[in-house]
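This report refers to the structure that appears directly beneath it.
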Amino acid sequence: MKFNKSRNKILGGIFIVVLVVLFFYFPTNYYIEVPGSAESTSQYVKVDGKHDKSKGDLLLTTVGLTKATPYFLIRALGNDFETVTPQQALMGDEDSQQYFQVQQYYMKSATNNAIQAAYSKTHKPFKKVYKGVYIMDVTKNSDFKNKLKIGDTINSINGYKFKSSTQFINYVRKQNKNSHVSIQFVRDGKTKTTSGSLVKLAQTKRYGLGITLTDDSVAKGDPPTSINAGEIGGPSAGLMFTLQVYSQISHQNLKKGRIVAGTGTIIPDGTVGPIGGIDKKVYAASAEGAMIFFAPNDPVTKEIKKYDPDYVNNYHLAKQAAKKIHTNMKIVPVKNLNDAISYLKK
């Protein structure tokens, strides 16, 4: 009897320990978006080999992404700044590694756009150097499924060098459906080669490699500018990187000792676009002591309202978030680069 009681206590203890471990560490098919960081853009930007060391900061802001356990799911309930998102809704058919590789591409594209927008604004010379086509996805039926992967850059096919993704696509279209092609590509800075056959593309009568692609290019200006964002991904730092580059190449101190944060995509003509998770970025910027926060003031069109009647633009979401945390940080609406520069110059 005593043995049974002791055994039951031991088994009960083990059961409780297992439950506790599962509660805190068992992964689910959900992610939780939380406030990330607010980081100085000057540490990532070099103009003519130099960082900006003037007083003040231009801060990019991020959203943190955490794989949800039961504990985190419960903790997120009722928290205005933690959002639970199904993995499928966030990543689609990509796994986490593929998802973050695509986010790295978006960041690279954002930094190129930032350089172009800043140099265009200051009328300084720059050029785009085409590197090849960047692979965004490889279909399941592709003969290159285990040969190419997301993040690779194809720079030639059958020895043919192309100057745009359009040229590349047109070349592949001209191939016979039974063709066997040779691909040269770059992965992690190393040039590699592989070969394979064409496959029938889904929902078409055409044959191709079975990849989703986009242009891979790099913007180079005079004086030379480099932006290395490290592990930070996504396109939303575009505006703040543009302001940092513009400030350095124009020799204008936009910061004037202030801590300025913000978010928004940028395209080469200076247009600022909306992003996700702006409420969490407002939270991160306020925690870092920012005085000003630039928020995209994207237009809410009839078409947007038709498909999403409850849509609220970034600026108003940022204002709502600022009110919730009782911050004194000024939320400033911007539609383009000129709006942000003009505000800082005032």
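The values are calculated or read from the model by the stated rules, or taken from the named source; none is laboratory data. Please read these numbers as outputs of a predicted model, since none were measured by experiment. All Cβ positions, glycine included, derive from the backbone under ideal geometry; neighbour counts span all protein chains shown. Ligands, DNA and RNA are excluded from the accessible area calculation, which covers all protein heavy atoms including side chains. Shrake-Rupley method; radii C 1.70, N 1.55, O 1.52, S 1.80 Å.
Has segment 286-299 got at least one residue that is modelled with pLDDT under 95 and not hydrophobic (A, V, I, L, M, F, W, C)?
Narrowing segment 286-299 to residues modelled with pLDDT under 95: 298-299.
Filter once more, keeping what is not hydrophobic (A, V, I, L, M, F, W, C): 298-299.
Yes, segment 286-299 contains a residue that is modelled with pLDDT under 95 and not hydrophobic (A, V, I, L, M, F, W, C).
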Qualifying positions in segment 295-324 - open to solvent by less than 80 Å² (accessible area, probe 1.4 Å) and either part of a loop (DSSP other than H, G, I, E, B) or aromatic (Phe, Trp, Tyr) (or both): Asn297, Asp298, Val300, Thr301, Asp308, Tyr311, Val312, Asn313, Tyr315
Filter result for the condition that a residue is within 23 Å of the chain's Cα centre (by Cα), open to solvent by 50 Å² or more (accessible area, probe 1.4 Å) and not β-branched (Val, Ile, Thr), over Phe126, Phe100, Phe72: Phe100
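Can you say whether Phe162 is in contact with a helix residue (DSSP H, G or I) (Cβ under 6 Å, 6 or more places away or on another chain) and aromatic (Phe, Trp, Tyr), as far as the supplied structure shows?
Numbers: in contact with a helix residue (DSSP H, G or I) (Cβ under 6 Å, 6 or more places away or on another chain): yes; aromatic (Phe, Trp, Tyr): yes.
In short, yes.
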Qualifying positions in segment 119-143 - among the β-branched types (Val, Ile, Thr) and either free of Cβ contacts under 8 Å to residues at least 24 places away in the same chain or closer than 18 Å to Gln101 by Cα (or both): Val133, Ile135, Val138, Thr139
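Got a sec? Which of Tyr311, Tyr315, Tyr307 is in contact with a strand residue (DSSP E or B) (Cβ under 7 Å, 6 or more places away or on another chain) and among the aromatic types (Phe, Trp, Tyr)?
Numbers: Tyr311 fails: in contact with a strand residue (DSSP E or B) (Cβ under 7 Å, 6 or more places away or on another chain); Tyr307 fails: in contact with a strand residue (DSSP E or B) (Cβ under 7 Å, 6 or more places away or on another chain).
Checking each option against the conditions leaves just Tyr315.
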Entirely in segment 137-198, the strands (runs of 3 or more DSSP E) that have 1 or more residues that are among the hydrophobic types (A, V, I, L, M, F, W, C) and on the phi < 0 side of the Ramachandran plot: 153-157, 180-187
Test for Val63: is it within 30 Å of Ala219 (Cα to Cα), of a type outside the set (Gly, Ala, Ser) and at pLDDT 90 or above: yes
Wholly enclosed strands (runs of 3 or more DSSP E) of segment 200-294 bearing at least 1 residues in contact with a Phe, Trp or Tyr (Cβ under 7 Å, 6 or more places away or on another chain) and β-branched (Val, Ile, Thr): 211-221, 225-227
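Quick one: would you say Thr28 is β-branched (Val, Ile, Thr), open to solvent by less than 60 Å² (accessible area, probe 1.4 Å), out of contact with any strand residue (DSSP E or B) (no Cβ under 6 Å at 6 or more places or on another chain) and modelled with pLDDT of 65 or more? So that I can check it myself, show each step before the final result.
Working: β-branched (Val, Ile, Thr): yes; open to solvent by less than 60 Å² (accessible area, probe 1.4 Å): yes; out of contact with any strand residue (DSSP E or B) (no Cβ under 6 Å at 6 or more places or on another chain): yes; modelled with pLDDT of 65 or more: yes.
For Thr28, the condition - β-branched (Val, Ile, Thr), open to solvent by less than 60 Å² (accessible area, probe 1.4 Å), out of contact with any strand residue (DSSP E or B) (no Cβ under 6 Å at 6 or more places or on another chain) and modelled with pLDDT of 65 or more - is met.
Report whether or not Gln116 is closer than 30 Å to Ala68 by Cβ and either open to solvent by less than 30 Å² (accessible area, probe 1.4 Å) or in a helix (DSSP H, G or I) (or both). Give the derivation first.
On the way: closer than 30 Å to Ala68 by Cβ: no; either open to solvent by less than 30 Å² (accessible area, probe 1.4 Å) or in a helix (DSSP H, G or I) (or both): yes.
The answer is no for Gln116.
Kindly establish whether Leu209 is of a type outside the set (Gly, Ala, Ser), in contact (Cβ under 8 Å) with a residue 12 or more places away in the chain, open to solvent by less than 20 Å² (accessible area, probe 1.4 Å) and closer than 18 Å to Phe144 by Cβ.
Details: of a type outside the set (Gly, Ala, Ser): yes; in contact (Cβ under 8 Å) with a residue 12 or more places away in the chain: yes; open to solvent by less than 20 Å² (accessible area, probe 1.4 Å): yes; closer than 18 Å to Phe144 by Cβ: yes.
Here the answer is yes, as Leu209 does meet what is asked.
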Subset of segment 31-66 [surrounded by 20 or more Cβ atoms within 10 Å (Cβ to Cβ), of a type in the set (D, E, K, R) and either outside any loop (DSSP other than H, G, I, E, B) or touching an Asp or Glu at 6+ places or on another chain (Cβ under 6 Å) (or both)]: Glu33, Glu39, Asp57
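Can you tell me which residue is nearest to Val63 (Cα to Cα) among those in segment 107-126 that are aliphatic (A, V, I, L, M) and in contact with a Pro (Cβ under 8 Å, 6 or more places away or on another chain)? I'd like the intermediate steps shown before the answer.
Taking segment 107-126 first, the residues aliphatic (A, V, I, L, M) are 107, 110, 114-115, 117-118.
Those still in the list that are in contact with a Pro (Cβ under 8 Å, 6 or more places away or on another chain) too: 107, 110, 117.
Details: Met107: 14, Ala110: 16, Ala117: 24 Å.
So the residue we want is Met107.
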All positions within segment 67-86 that are of a type in the set (A, V, I, L, M) and assigned to a helix (DSSP H, G or I): Leu73, Ile74, Ala76
Criterion violated by Lys335 - all others in (1) exposed (fewer than 14 other Cβ atoms within 10 Å of the Cβ); (2) in contact (Cβ under 8 Å) with a residue 24 or more places away in the chain satisfied: (1)
